[in-house]
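Below: one structure, written as structure tokens.
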Amino acid sequence: MERRRRPGYRRTAHPRHDEPSRRRPAFPRLGSFIWYRDIARLLRERLPDAAGKVRTRAMPDLAVKLLARRSPQMAMLRHELGRTRLVDSSKARTLLGWHPRPTEQTIIDTATALVAKNALSR
């Protein structure tokens with residue numbers, strides 16, 4: 001009996017894709033690391049009207065660990081406590097000539113667009 005494929009269905013798991021010569025090179029597209037607290041301060045400074053409710057205080061690690069037992073949102077953050085994610089994008093800069101936008105400007109532009117679309121109201 002012949003199997004029929006669904007329309008739009010493609011097999012992606014193929015031994016040929018596992019060969020190193022066929023893999024696409026990975027290029028991290030990150031500018032620089034920034035803490036949530038610094039993002040909050042940046043929003044409060046540059047967009048004071050829109051970011052009036054943004055909190056700039058840090059929650060103690062112990063409080064996050066305790067809340068992680070009951071809250072799935074806090075549980076996601078528990079493993080990130082105290083970590084600084086350092087990703088090197090020099091490969092993309094040298095091989096592709098790519099230069100990231102300034103992190104602060106990207107955050108402000110994103111927040112401004114969300115405010116303009118009224119996507120932040122609860």
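Throughout, read-outs are computed from the coordinates displayed, never taken from laboratory work. The model shown is predicted, which means the values in this text are computed figures rather than measured ones. Note that each Cβ is placed from the backbone with ideal geometry, even for glycine, and that neighbours are counted across all protein chains shown.
Here are some notes:
- Dimensionless Rg/Rh of region 26-116 - Kirkwood Rh, Rg from C-alpha atoms: 1.04
- Straightening the chain between residue 58 and residue 118 buys 18.9 nm, computed as 0.36 nm per residue apart minus the Cα-Cα spacing.
- Applying the Karplus relation 6.51 cos²θ - 1.76 cosθ + 1.60 with θ = phi - 60° to region 34-44 yields 3J(HN,Hα) values of 8, 6, 4, 4, 5, 5, 4, 4, 4, 5, 5 Hz, where x marks Gly and Pro.
- Surrounding net charge for residue 40, when Lys and Arg each add one and Asp and Glu each subtract one, Cβ distance under 14 Å: +4
- 3J(HN,Hα) from dihedral phi, region 59-70, Karplus parametrisation 6.51/-1.76/1.60, rounded to Hz, x for glycine, proline: 8, x, 4, 4, 5, 5, 5, 5, 6, 5, 5, 10
- 18 Å Cα-Cα reach of residue 91 towards lysines, excluding residues that sit fewer than 8 places from it in its own chain: none
- 25 Å Cα-Cα reach of residue 65 towards lysines, excluding residues that sit fewer than 8 places from it in its own chain: 53
- Taken along its three principal axes, the alpha carbon spread of region 66-122 comes to 46, 32, 14 Å, from the longest extent down to the shortest.
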